[in-house]
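I have placed the structure first, in the form of structure tokens, so that the comments after it can refer back to it.
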Amino acid sequence: MSNRKKLIDVAKEKFIAFGSKHTTMDEIAELLGISKKTIYTCFSSKEELIIESIRALINEFKIDVEPILNSNESALNKVIAIYEVIFKYVVKFKPSFLFGLRKYYPNAYDAYKEITVDVVSTDIMRLLEEAKVNGEIRPDVDLELFSKLYLSDLERRLFDADNLFDNYPKEVLLEYMIVNNLNSLKPTTK
């Protein structure tokens, strides 16, 4: 494993667990048994390391989601399965991770938002459109509005006022935030 990959892996775990602002380059260097100067030979700044850590996290997520996308499940079941994976990742985040990005590392926060918005606007929307074509979703549903209301900016809803993961199991949050809302889109049976 390359030094750069090791740095990204260690930094990613530290940033997620303790926040980007509260994790120092000295701590990362100490964990790896290297000097801080060595880190700066691989990355020009802490923000660059944060951005690369976010990219690594998203790549791991995409690898976890690939089998779901290629499965024979219905489109709505795929959406639910993808959100199960999303919740598996997001539950590891400390609210300070996102707050620190937004406040201290705006370029890293923009990169994070761009990547996460892309996941919803491509894979999830494609699956919702497929579900609509297949009759799993009522034809009158505005998928773009639904996405903006219930699927986009999920982390903000989970962490802004209170860390909901501190008070509810991820399965309950998934049920209330995703599954129930998706079920409301299904055609009514008479």
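The values are calculated or read from the model by the stated rules, or taken from the named source; none is laboratory data. Computed from a predicted model, the values in this text were never measured in an experiment. Note: ideal-geometry Cβ built from the backbone for every residue, glycine included; neighbour counts use all protein chains shown. We work out accessible area using only protein heavy atoms, side chains counted, and drop any ligands, DNA or RNA first. Shrake-Rupley method; radii C 1.70, N 1.55, O 1.52, S 1.80 Å.
Among the candidates 29, 11, 56, which residue alone is at pLDDT 90 or above and surrounded by 20 or more Cβ atoms within 10 Å (Cβ to Cβ)?
On the way: 29 fails: surrounded by 20 or more Cβ atoms within 10 Å (Cβ to Cβ); 56 fails: surrounded by 20 or more Cβ atoms within 10 Å (Cβ to Cβ).
One residue alone meets the criteria, 11.
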So which residues in the range 74-115 are outside any helix (DSSP H, G or I) and within 12 Å of the chain's Cα centre (by Cα)? 91, 92, 93
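Can residue 164 be described as without any contact (Cβ under 8 Å) to a residue 12 or more places away in the chain and either under 15 Å from the mean Cα position of the chain (by Cα) or open to solvent by less than 70 Å² (accessible area, probe 1.4 Å) (or both)?
On the way: without any contact (Cβ under 8 Å) to a residue 12 or more places away in the chain: yes; either under 15 Å from the mean Cα position of the chain (by Cα) or open to solvent by less than 70 Å² (accessible area, probe 1.4 Å) (or both): yes.
Answer is yes for this residue.
Picking from 127, 149, which residue would you name as being closer than 21 Å to residue 87 by Cβ and either modelled with pLDDT under 90 or aromatic (Phe, Trp, Tyr) (or both)?
Values: 127 fails: either modelled with pLDDT under 90 or aromatic (Phe, Trp, Tyr) (or both).
Sole residue among the options that is closer than 21 Å to residue 87 by Cβ and either modelled with pLDDT under 90 or aromatic (Phe, Trp, Tyr) (or both): 149.
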List pairs: first in the range 125-146 and free of Cβ contacts under 8 Å to residues at least 40 places away in the same chain and loosely packed, with under 11 Cβ neighbours inside 10 Å, second among the basic types (Lys, Arg) and in a helix (DSSP H, G or I), Cβ under 8 Å, 6+ apart or cross-chain? 139/132
Long-range neighbours under 7 Å by Cβ, at least six apart or interchain, first residue touching a residue at least 40 places away in the same chain (Cβ under 8 Å) within the range 173-189, second exposed (fewer than 12 other Cβ atoms within 10 Å of the Cβ) and of a type outside the set (D, E, K, R): 187/135
Residues of the range 25-63 satisfying the condition of being aromatic (Phe, Trp, Tyr) and free of Cβ contacts under 8 Å to residues at least 40 places away in the same chain: 40, 43
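With 186, 78, 94 as the choices, which residue is modelled with pLDDT under 90 and surrounded by 13 or more Cβ atoms within 10 Å (Cβ to Cβ)?
Working: 186 fails: modelled with pLDDT under 90; 78 fails: modelled with pLDDT under 90.
Step by step, each of 186, 78, 94 is checked, and only 94 is modelled with pLDDT under 90 and surrounded by 13 or more Cβ atoms within 10 Å (Cβ to Cβ).
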Does any residue of the range 66-73 turn out to be in contact with a Leu (Cβ under 9 Å, 6 or more places away or on another chain) and open to solvent by less than 70 Å² (accessible area, probe 1.4 Å)? yes
